[in-house]
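Down below is the structure, laid out as structure tokens.
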Amino acid sequence: MTQKRRWTVEQIPDQTKRVFIVTGANSGLGLATTRALARQGGHVILAVRDEGKGQRAVAEITAEQPGACLEVRHLDLADLDSVRAFADQLHTDHPRLDVLVNNAGVMAPPRSLSAQGHELQFACNHLGHFALTGSLLDLLAVGRDPRVVTVSSINHRQGRIHFDDLAGERSYSPMAFYNQSKLANAVFGWELHRRLAEAGSPVRSLLAHPGYTATNLQTSAPVAVWRVIFGRIGNPLFAQPPARGALPQLYAATDPHAESGQFIGPDGLAELRGGPTRVQLSPTAADTETGRRLWELSERLTDVQFMIPTPD
């Protein structure tokens, strides 16, 4: 992706009549993404764990943009039953979906388990989004310029998949398992692209990362040391605001030149800040065997089998 000037929200095309889902849409990157999509006429479904916070986000946006087309729906990505209920209800209420933005996440909590017994970060950041995407692919297949945008992180390059200890029973480090979840996002997004392309599907799979962006992931981290390191020290010195951090995922979701398989991140030093540009996945994220292994494991853990849509 070569551009003479940095891409901004002003370059988002008209999104009227396009239907989006943004997970974690009530704050941070999700709120900034929702605001920008609504400004261009998109119908945005805010998929949030706390519906009260979702309604407050809607009120905030509609105060700025009267007539914005928004709806709030409950989704707890760490609970696969909640993912299933969300997808079932969406099939009842919407005949198609145009873009799914897999944005929500948790970072560096003390070791805890999801409703189904999976390590929380792996469950919320990866398994929930994997199950959600697989459950909605049929609606995406009939969408207009359909896309799945999965938000990873610079940290995916430091991660490894602990296939022999996914739940951290033998050894657990909050940041190591956060990095694992972000690597899983990257592996999933690339493997989804590979499978969609192989099938000739109209659905595109793209990846994005926000660089170093000031969000409540850092300031509300459950472990106090991470709140100090990231929230009180790192954010004021290095972080960019959510409106800037959301640009890579907005580009991936809306720009006509965005291609399936691309990984979009900031163009500044060390990819920490800047405008969206194409960046490189780690070799592990693009490894075919890792992709196959994680995919089969994820289908088994979520009980969601992907039916890859093909052209009519």
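A short reminder: the numbers here are calculations on the coordinates, not readings from a lab. No experiment lies behind these values; they were computed from the predicted model shown. In this analysis, Cβ positions are derived from the backbone assuming ideal geometry, glycine residues included, and neighbour counts consider all displayed protein chains.
Taking Cα centre as origin and charging only the Cβ of basic (Lys, Arg, +1) and acidic (Asp, Glu, -1) residues, the dipole magnitude of the chain rounds to 980 debye. At q = 0.13, 0.19, 0.25, 0.27 Å⁻¹ the log10 of I(q)/I(0) for the stretch 123-173 amounts to -0.48, -0.81, -1.06, -1.13, computed by Debye summation with a single uniform scatterer per C-alpha, solvent ignored.
Take every pair of alpha-carbon atoms less than 8 Å apart whose residues are at least six positions apart; their mean separation over the length of the stretch 14-302 yields a relative contact order of 17 percent. Relative to one another, the C-alpha centroids of the stretch 154-192 and the stretch 72-141 are positioned 18 Å apart. Per-peptide packing, taken as the mean over residues of other Cβ atoms within 10 Å, places 275-287, 144-156 in the sequence 144-156, 275-287 from highest down.
Only one residue of VAL48, MET307, ALA214 has its Cα farthest out toward the positive end of the dipole of the chain, where Lys and Arg carry +1 and Asp and Glu -1 on Cβ, and that residue is ALA214.
In the stretch 1-90, one over the average inverse separation of all distinct C-alpha pairs is 13.8 Å, which is the Kirkwood hydrodynamic radius. Other residues with beta-carbon under 9 Å from the beta-carbon of GLY128 carry, at +1 per Lys or Arg and -1 per Asp or Glu, a net charge of -2. Judged by the gyration tensor of its Cα atoms, with axes a ≥ b ≥ c, the stretch 107-152 is oblate; a/c meets the 1.5 cut and b/c is at least as large as a/b. Database remark: amide H of GLN240 closer than 5 angstrom to the amide H of TYR212, THR213, ALA214 (H placed geometrically; neighbours at sequence offset of 5 or more, or on other chains; Pro and chain starts carry no H).
Where both bridge residues fall in the stretch 14-302, DSSP classifies roughly 15% of the beta bridges as antiparallel. Using only Cα coordinates, the Kirkwood hydrodynamic radius of the stretch 14-302 works out to 18.7 Å. Mean residue ellipticity at 222 nm, helices only, the chain: -11500 deg cm²/dmol; runs of at least 4 DSSP H residues each add -39,500 (n - 2.57), and the sum is divided by the number of residues. Taken along its principal axes, the alpha carbon cloud of the stretch 112-219 reaches lengths of 43, 31, 22 Å, longest axis first. A convex hull fitted around the alpha carbon atoms of the stretch 1-157 yields 132 Å³ per residue.
When peptides 23-33, 162-172, 65-75, 46-56 are sorted by average Cβ neighbour count within 10 Å, with the highest value leading, the order is 23-33, 46-56, 65-75, 162-172.
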